Structure formats: C-alpha cells, structure tokens
Amino acid sequence: MLTILFDGIAYGMLLFVLACGLSVTMGLMNFINLSHGVFSMAGGYITAFLINRWGVPFLLCLPLAFLFSAALGMLLERTLYRRLYARSHLDQVLFTIGIVFMSVAAVDYVIGSQQQTVKLPDMLKGRIDILGGSIGLYRVFIIALCGCLAVTIQTLLVKTRFGSQLRAAVDDPRVARGMGINVNTVFAITFAVGSGLAGLGGALGTDILGMDPTFPIKFMIYFLIVVTVGGTSGIMGAFFASLILGIADVGGKYYVPQIGAFIIYALMVVVLIIRPQGLFTRSRGK
C-alpha cells in the first residue's frame, strides 16, 4: 500500500514539473499552448544525447536540459508564439497542435523512432524502506527535487516583484505598460522558464515514462488534465492536481488494471461536475 502511494506521489511530482509551465501559460498568460510537450521532448532528447554520446553525468544533464529547453522556448516565443497572444483560442490551438506534429515528424526523421534510454548514476539506483513501504531511490530523488521546485516557483510568483509584474501584465497589459512594466519581456521570461521546467521534466521522466518522438502527443492529454483539474490559480492548483492524479493513476492501474487507464479521466469528470472551474480558480482583472 505505502509502496504504491510513494510511487504515485513520485509520478504526480513528475507530472507537476512537466505540466506546471502549461499551467502558467494557460492560467496566468491565457495562452493555450498544446505544443508544451515539445519542450519536454527536447529536454529528454538532449539528456539522452549528452549521456549516451558524450558521457555527461546525469545530474549535470538536468540543468543543461532546463537551459536548452528554456532557450528553445524563448526563441519560439519571440519568433512565433508572441504573435498569437491576442488571437482567439482556436487559432492558438490550431497553431500549437501544428507545431506538435511538425516536431514529431522532424525528430522521427532526423533521429528515428527508437526509444531513448539514459543511464542513472549508482547513487540513484536501488530501493529503500520508508515507513514499511519500499520505494526506489530515483523516485525519492524526484519527490525531493520536484517538491523544492514547487516551493521555489510558488514563492517566485507570490512573493517577488517579478510575480507581481506577471500578474499585472496578465490582468491589464495596457495599465501594466503605463506603470513601466515591460510586458513583452515578462511574458518571454515566463514562457522560457515554463519551457525549461518542461524540459527538466522530460529529462527526469526519460527513465520512467520513456522518450520517443510521439511523447508530446502521448502526454498532451495528461498535461491538459492537470491544468483542467487544478484550475487557473497558478502553480499550487497544478501541484495538488498532479499529486491526486498521480496517486489515482498508479493505484488504479495496480488494483484494477482492467480499467486503471480510465481512472484519471473519471476523476477529471467528477471534479469538473463538482467544480467546473477546477479545484483552484483565480479571479481575473476586468
């Protein structure tokens, strides 16, 4: 029981890092970016490349995956995505889903469709006993790292000047510009950080979730479920939604494998019936 709980928490934490960037762009920036998984794939592939080709240590690959995906996100935001902020949600969906299919085809053509593998350091292998349950060291590492990230990100959004600038830029960009806030720069930095977190999640998830060219398509629905269930309050909504969904998904597949894959969808439906705006909502400016 505890082993399943620990595995579910680890899976939920991983979902949080993968999806929290999308939670920010959809919940705070009001931009529907269905190509969010592309940045996760970029982080996973760059990690596999650095480890398998150059022998770079896994722990060093994690910040490199973040920086690579953040730079890619910054580039695409400045050249493509920023043109869609004022467009309709349908335009955003169609454009970003096109980015997904183009990226999948490009990676499959250049690298191939084979599954990417990474070699974890010895310190992250094996299992330990906690409170009578057994959990892998790598999952303990994921829980600790992602927990620290959740606290850090929430603090940055709520307690810092940049977080205040972001909320002001979203609520009323015209007034924010009048107050001297560079809205374009705030959005670019936010988008880059969200993309970097997606890349970090892809790097962390390569060993657990697998990494191949179809990754952005396979996990797109998971990202959207996290944001839908969590609501638009920001990071904490996505955090608690990820934990709930991770535990439900792992527990469902273990106890009722026949219908385990449908547990999170049923949970999403129940949550939306009770709270159509998700577990956490954020009031928007007029």
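List of remarks:
- Quotient of the Cα radius of gyration of the stretch 94-178 and 2.2 N^0.38 Å, N being its number of residues: 1.78.
- Highest mean first, the peptides 157-169, 19-31, 207-219 sorted by other C-beta atoms within 10 Å per residue fall in the order 19-31, 207-219, 157-169.
- For the stretch 122-170, relative contact order (Cα pairs under 8 Å, six or more residues apart, normalised by length) works out to 20 percent.
- Helix 89-110 axis versus longest C-alpha principal axis of the chain: approximately 40°, rounded to the nearest ten.
- Distance (nanometres) between label positions extended 7 Å along Cα→Cβ at Tyr109 and Cys148: 4.1
- Cα-based helix-to-principal-axis angle, 161-171 vs the chain, degrees rounded to 10: 60
- Helical contribution to [θ] at 222 nm, DSSP H n ≥ 4, -39,500 (n - 2.57), averaged over the chain, rounded to 500: -24000 deg cm²/dmol
- Per-residue HN-Hα couplings for the stretch 130-146 [Karplus 6.51, -1.76, 1.60; θ = phi - 60°; Hz; x = Gly/Pro]: 10, 6, x, x, 10, 9, x, 4, 5, 5, 4, 4, 5, 4, 5, 5, 5
- Hits among aspartates and glutamates - C-alpha to C-alpha of Lys125 under 17 Å, sequence gap 8 or more where chains match: Asp7, Asp207
- Karplus-derived HN-Hα couplings along the stretch 71-87 (A = 6.51, B = -1.76, C = 1.60, θ = phi - 60°), whole Hz, x at Gly and Pro: 5, 5, x, 4, 4, 5, 5, 6, 9, 10, 5, 4, 6, 9, 4, 8, 7
- For the stretch 111-116, 3J(HN,Hα) computed residue by residue from phi via the Karplus equation (6.51, -1.76, 1.60; θ = phi - 60°) reads 9, x, 8, 5, 5, 8 Hz, glycine and proline entered as x.
- Annotation: amide H-H contacts under 5 Å for Gly231 (H modelled 1.01 Å from N, sequence separation of 5 or more, or interchain): Leu279, Phe280.
- Against the chain, whose longest principal axis is taken from its Cα atoms, helix 36-54 shows a tilt of about 50°.
- Within the shell of other residues whose beta carbon sits under 12 angstrom from the beta carbon of Ala71, the net charge comes to 0, with Lys and Arg scored +1 and Asp and Glu -1.
FYI, it's all coordinate maths here, none of it is from the lab. All values reported here derive from a predicted model rather than from experimental measurement. Backbone-built Cβ (ideal geometry, glycine too); neighbour counts: all protein chains shown.
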